[in-house]
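Accompanying notes for the structure given below.
Each reported figure results from applying straightforward, stated rules to the coordinates on display, with no laboratory input. These figures come from a predicted structure and were not determined experimentally. Please note: Cβ atoms are built from the backbone with ideal geometry, for glycine as well, and neighbour counts cover all protein chains shown.
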Amino acid sequence: MKLQKATMCGLYAVLELATHRDQQISAAEIASKYEISLNHLAKVLRTLVRARLVESVRGAGGGYRFCGNPKRVTLLDIIQLFEEVGPDAEPAPPVDHVEGRTLHKVLREIDDIALASLRAVSITTLLKINEKQKRDPEVKAVVGRAASGG
Amino acid sequence: MTSSIKTAQAMPAADIKIRSAAFEDVPFIVMLDERATGHSKCCYWRELFAHFAQTPGEGRAFLVAEQQGRLVGFIAGEIRAFEFGAERCGWVFALNVDQDIRVNNVGTRLFEALCERFSSAGVEKVRTMVDRDNDLVLAFFRSLGMMTGPLIQLEKELD
């Protein structure tokens, strides 16, 4: 599954803010960490604020804070803020030949499974997987090599 | 995304005690299951309890959660070996928590207690099956670290 750039930015922002729930983090910090454009991220953060998942704290030391329920907000909730997903986003099946309907039926089955997974993965679940990945020596080595430019 | 559940927070419930189910618990289990599924399966639960009670095994457990003497949830599972070409592993085949106390770690405590039994019996994996439209239960198991396994359930309408 390939997600749009804005969606990925939104997911990065939510993960970063939900990881540090007791802190306010600036857009510049998030943009720098994930190497994304600050302008692009600002738009994405506005969408997250409108969805009441993130709040903006003004003033010195201000920034953004995750304010959703991480146990209940799912991957699908975030993705749908930025793009259409699932069978509803697809054109209606062709009615003039059986082959089109057959393909549509099978593709629909694959979409249904993907949607079920997106609905089932909460932010808390993602953070747990993230923590586990951080402890994985193989992942540590790859991230370490990337950070040192190797 | 308008539901307040997306922003509401919950606290883990205190005073939760996990113990093996007793015969007197069966009516509660039937009632909780009926509330969740809309079907009364009195015979099924009685037979399952009797089966577990008569043939207790190392990797088999029917547990209930109690809060201040009040039953609030149950879980059942057992180790099954080599079905569908899979290795020996623990299966969770029933889990339910009183709707009034959900999102308070009761299900997690029940699941962990069952997994401890599975681990003690020497298995390294736990599996379950969930309706893919059951977002709540699917999200719950995902939050416990469960991911899609190597088996795909297939079915066919019989002609």
**Prompt:** Using only Cα atoms, what is the ratio of the radius of gyration of the protein assembly as shown to 2.2 N^0.38 Å?
**Reply:** 1.17
**Sequence-separation-based contact order of chain B, relative, with Cα cut under 8 Å and 6+ spacing, percent** = 21
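What FRET efficiency would be calculated for the residue pair A:VAL49, B:GLU112, taking the C-beta separation as r and a Förster radius of 35 Å, to the nearest 0.05?
For A:VAL49 and B:GLU112, the calculated efficiency is 0.45.
Could you compute the longest span of chain A free of GluC sites (Glu not before Pro) located in DSSP loops and having at most 13 other Cβ atoms within 10 Å, not counting the site residues? Let's see the in-between values first.
Numbers: sites that count: A:GLU35, A:GLU83, A:GLU84.
It runs A:85-150.
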**Column: log10 I(q)/I(0), Debye, Cα scatterers of the range B:11-143, q = 0.10, 0.15 Å⁻¹** = -0.31, -0.73
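Using DSSP to define loop residues, name the trypsin sites (Lys or Arg not before Pro) in the range A:1-77 whose beta-carbon has at most 10 other beta-carbon atoms within 10 Å.
Numbers: sites: A:LYS2, A:LYS5, A:ARG21, A:LYS33, A:LYS43, A:ARG46, A:ARG50, A:ARG52, A:ARG58, A:ARG65, A:LYS71, A:ARG72; in loops: A:LYS2, A:ARG21, A:ARG52, A:ARG58, A:LYS71, A:ARG72.
Of the trypsin sites (Lys or Arg not before Pro), the ones in loops of the range A:1-77 whose Cβ has at most 10 other Cβ atoms within 10 Å are A:LYS2, A:ARG58.
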**Message:** Give me the one-decimal nm value for the distance between modelled label points at A:CYS67 and A:LYS128, 7 Å along each residue's Cα-to-Cβ direction.
**Reply:** 2.7
**Item:** Shielding of B:133-146 by partner chains, average beta-carbon count, 10 Å
**Value:** 5
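Find the percent of Cα-Cα distances in chain A that exceed 23 Å, and round it to a whole number. Mind showing how you got there, number by number?
Details: 5334 of 11175 pairs.
Cα-Cα pairs in chain A separated by more than 23 Å: 48 percent.
So which GluC sites (Glu not before Pro) in the range B:57-159 are both in a DSSP loop and have at most 16 other Cβ atoms within 10 Å of their Cβ? Display every interim value, and only then the final one.
Working: sites: B:GLU58, B:GLU66, B:GLU78, B:GLU83, B:GLU87, B:GLU112, B:GLU116, B:GLU124, B:GLU155, B:GLU157; in loops: B:GLU58, B:GLU87, B:GLU124, B:GLU155, B:GLU157.
Those that pass, being in a loop and sparsely packed, are B:GLU58, B:GLU87, B:GLU124, B:GLU155, B:GLU157.
Tell me, what is the FRET efficiency for A:SER32 and A:LEU107 to the nearest 0.05, using R0 = 45 angstrom and their Cβ-Cβ distance as r? Please list the in-between numbers first.
Values: r = 39 Å, r/R0 = 0.87.
Taking R0 as 45 Å, the efficiency between A:SER32 and A:LEU107 is 0.70.
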**Fill in**
The relative contact order of chain A, taking Cα pairs under 8 Å that sit 6 or more residues apart, comes to a percentage of 24
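Taking R0 as 45 Å, what's the FRET efficiency between A:GLN4 and B:GLN68 from their Cβ-Cβ distance, rounded to 0.05? Let's see the in-between values first.
Details: r = 50 Å, r/R0 = 1.11.
Computed FRET efficiency for A:GLN4 and B:GLN68 comes out at 0.35.
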